[in-house]
1. If you count only protein heavy atoms with a 1.4 Å probe, what accessible area per residue comes out for the chain, rounded to a whole Å²?
2. Take the solvent-accessible surface of the protein heavy atoms, probe 1.4 Å, and return the percent of it on the range 225-326 that carbon and sulfur atoms account for.
3. Suppose each label sits 7 Å from its Cα in the direction of the beta carbon; what would the Lys252-His222 distance come out to in nanometres?
4. Any chance you could run the full-extension gain for Ser65 through Thr202? It's 0.36 nm times the residue separation minus the Cα-Cα distance, nm to one decimal.
5. What trypsin sites (Lys or Arg not before Pro) does the range 150-180 have in DSSP loop regions with at most 14 other beta carbons within 10 Å?
6. Quick one: compute the contact order of the chain, relative version, from alpha carbon pairs under 8 angstrom and 6+ residues apart, as a percent.
7. Tell me the label-point distance for the pair Lys299, Asn143, using the 7 Å Cα-to-Cβ offset, in nm and rounded to one decimal.
8. Can you send over the solvent-accessible area of Cys21, 1.4 Å probe, protein chains only, in Å² to the nearest 10?
Amino acid sequence: MAEKSYAKGLEGVIAGESKICKVDGENGRLYYYGYRIADLVEKASFEEVTYLLLYGKLPTSRELSEFTARMRKNRELKPPILNIIKEFPRSSHPMELLQTIVNFLSGYIDHKIEHSPTCNCRQTLHQIAQLPAVIAAFHRFRNGLNYISPRDDLSHGANFLWQLKGTEPDSEDGEIMDKCLTLHAEHSFNASTFTARVVASTLSTCYCSISAAIGSLFGSLHGGANEKVITMVEDIDNVENAAPWIDAALAKKQKIMGMGHRVYKAKDPRAVIMERFLQTLSSKYNDNSKLVVLEEIEKVFRERMEEKGKPIYPNVDFFSGAVYSLLGIPSSLFTPIFAMARASGWLAHILEQRVDNRLFRPKALYTGEVDRPWPAESID
Ligand SMILES: CC(C)(COP(=O)(O)OP(=O)(O)OC[C@H]1O[C@@H](n2cnc3c(N)ncnc32)[C@H](O)[C@@H]1OP(=O)(O)O)[C@@H](O)C(=O)NCCC(=O)NCCS
């Protein structure tokens, strides 16, 4: 019997088993290996969260200090990689660079590629440790600045700010940056993670899987939304313009970036924490211009959607760009920051996929024709 229906966008389809992350969309809760996101953000460094994702357990203090040292030791980029970054077209988006460079990292590094759950990526950690340096280097080169070497006395987040700006962030900024990475580290079978698992299921390498995932994250329905949110805020400019702007956008059937989620039917718990960071930084830097516009957008948008009987809430991307702006980061780097954080989750999923692998190969509901007659004469 012919197949008649399918789940568009695989909505609601369970595509595999995983112990890594639970997204409780109904109640707005998120867990990495069973630990609540609020606890992870409050109590763990991004490095500890990465350990948890890659090993499935919290580290002992000795394991954590060894793992942290290993990640920090691997931050530095080799000269050939820096040359490639220097030569990369400056008008390209940093996500395009990032996607390209991941496979160069594989080529220039003493890396034993194994298509197994014990692949030595967990030892080298390059795709996680080196992405901040890649992003910072590209930003600096295309602005005519020199490369800043990483420091091993700073957290992953604080070191990124150091390599980007060449000044050491104060402890609060460094901590907020690191915690933002934890918020973005993992989110179950979203488009980019699923992409990584699909590529891994063919027995491809970690590097190829992560490079494909970066391409998937770039889109504005996924990680690219954070950059678009800031464009919207700048366009709206002040609180009074928010309601007419949203009404005009909705009339044109435009999506409001940073709002809505396939799984969350409540406010994204990451957005709740991100909003708190934004409040902290807005008062610290005496600049609440983005915060007030975002709060007004949220209020107006939610009212409009509730009138239509469709409650829709902010997702993680809604506040993150404003947080990064206050940390002095340009908007073209917002999505790359998402990628450098999510690399931990991607690698965890690639390794998990290999434990009990089965090639992903769904079917299509064919709606085309068959047995078409070949034209007797050439077509002009
Ligand atoms: C994330 C997203 C793709 C999830 O979409 P989804 O699960 O496919 O949900 P749908 O697009 O089917 O949304 C259901 C309804 O709500 C509306 N809706 C959802 N998100 C919306 C948004 N951000 N702005 C305006 N309307 C939205 C849809 O238009 C749809 O209305 P309809 O039933 O009249 O067609 C979607 O919410 C979106 O595009 N958000 C903006 C991009 C974004 O922030 N992405 C980052 C996600 S972490």
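1. 48 Å²
2. 49 percent
3. 2.6 nm
4. Residue separation times 0.36 nm, minus the Cα-Cα distance, leaves 45.9 nm.
5. Answer in residue order: Arg151.
6. Value for the chain: 23 percent.
7. The modelled label-to-label distance comes out at 3.4 nm.
8. Counting only protein heavy atoms, Cys21 exposes about 20 Å² to solvent.
The values are calculated or read from the model by the stated rules, or taken from the named source; none is laboratory data. Please read all numbers here as calculations on a predicted model, not as lab measurements. Here Cβ is always computed from backbone atoms with ideal geometry, including for glycine, and neighbour counts include all displayed protein chains. The accessibility values were calculated without ligands, DNA or RNA, using every heavy atom of the protein model including side chains. Shrake-Rupley method; radii C 1.70, N 1.55, O 1.52, S 1.80 Å.
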